[in-house]
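Have a look at the structure below, then the notes.
Read the figures in this text as sums done on the coordinates, not as results from a lab. Small disclaimer: the values here were computed from a predicted structure and weren't measured. Cβ sites come from the backbone with ideal geometry, for glycine too, and all protein chains shown count toward neighbours.
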Amino acid sequence: MTGPKAEKFPGGMLNRLKQIFTGKKEKKIRIVKQPKNINQSSMKNITVLFAVILSLLFVIVLLVRIVLQYRLGMEFDAIEFTDTILSSIIGVIIPLLIFNVFYEYLVRIHSSREISEKITETIMSNKEVIDSFDFDTKKQFVKTTLQSILQQEKGDVVYDMVSPYLQSKLNLRKKFKYTIVLEDISQSECCKWSNFISTAGYNLIRESLSYTKVYTDEPGCLPEYLSIGFFVDENILDRHFKNKDFVFRENFSVSKEDLENIKQNKEEFVNSCMDVSLYINELKTLIQSIDMTDKGIVITYRTPAGIKMDEVDYDITFSMPQLKQKNNFMAAISEPTFRPQIRLIYPREQYNVTSIPFFDESYEEKIGTNDIDGFKEIDLKNWVLPRSGAIFMWDRKQSC
């Protein structure tokens, strides 16, 4: 395949496809048989057809001529008859040649289209073929496809958005269920919390998060230690979103005075009040250390030995105080996640709650929502990319 058609394929792709269609193996690719040469086959058929037709016509004309001359009492002149036949053949040759040239042109166009369609079908549907290309060729193929679907400028925009995900492998999450419970600190729990914070100025946030993480970036087992972080400064929280040593990060909204009180007895606060627990593949992990500074709390766990980094189940639960003046909660998606489910449960007689999802512009077509007093749920039906999620905002009802 040469000429302008060939220039549409990225470097190296044409040679790969030639190897495939000529039946040569490379990297254990499934062999695709070369289609028959349509042009040669068709020309052979048309030549045979014309030869048969001309032979039949010659026989018919010869018989008719002999019969007519016999009935008219004329003698059959073989020389005159031959001269007439040759003149007729010469007269037919010119239009026959023109027809053959035109027919060959049409056949070549049809053959070219059929081969192009076969190549396109092979590329688009055969993963083994795409796997045989080098990385740069695959990226160019993705970019060209996006430009074809969305036109040049929009295709470039979408490609720039997805290109970071093409550069490195990503960890994925599925079976993602995130439940947040908003409530006041009850009288029964007030005693234990009051040892560390002034309870009148706080709400209580209970969180439960479970998901399956699919590791694709590196083989082997889980690291020996993993951490959960609660950070006072949201800027620090943002930096830790991509830290692989953290399985969960949360904003820790407490006053400076109460933070100092907590630092004095951080172990008791974490174990008795927050009651943080981490299960990995349904195995309870043990706390290795609790580190606390003015920036927040980092709880480090020793992971169960021998857990392969393929699909790992995580289950995290805890409770934490949140200043009442911060009347919102943000649930953010930090990794590509399939069908996340986020819900907030709250006392409907005390609070008015508004949910503000922030996903891409098409989320309304993929989202399922339950919005009743005391319960807000966001249930997406497709993949969600990082830095998406929802913000829940509330205010206390007048009578309360």
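Lys and Arg at +1, Asp and Glu at -1: add these up for the other residues within a Cβ distance under 15 Å of K256 and post the number.
Every neighbour counted, the sum reads -2.
In this model, which of K256/K326; K213/K308; K256/K295; K174/K381; K213/K244; K244/K381 are farther than 18 Å apart at the alpha-carbon?
Cα-Cα > 18 Å for K244/K381; rest within.
Within region 260-290, what residues put their amide N at less than 17 Å from the label point 7 Å along the Cα-to-Cβ vector of K308?
What the label zone holds, given the 17 Å backbone N cut-off, is 281-282.
I need to check one value: relative contact order of region 128-254, counting alpha carbon pairs closer than 8 Å and at least 6 residues apart, in percent.
19 percent
Could you list V129, V142, V64, V384 so that the one with the fewest beta carbons within 10 Å of its beta carbon is first and the one with the most is last?
Starting with the residue having the fewest Cβ neighbours, the order is V64, V142, V129, V384.
Take the Cβ-Cβ distance between K174 and E257 as r, set R0 to 45 Å, and report the resulting FRET efficiency rounded to the nearest 0.05.
0.60
Only counting other Cβ atoms within 10 Å, I'd like Y178, Y70 sorted with the fewest neighbours first.
Y70, Y178
Tell me, Kirkwood radius of region 105-157 from alpha-carbon pair distances, in Å?
For region 105-157, the Kirkwood estimate is 12.7 Å.
Take the alpha-carbon positions of region 272-362, form their convex hull, and give its projected area averaged over all directions (one quarter of the hull surface) in nm².
Averaging across all directions leaves 9.4 nm² for the Cα convex hull.
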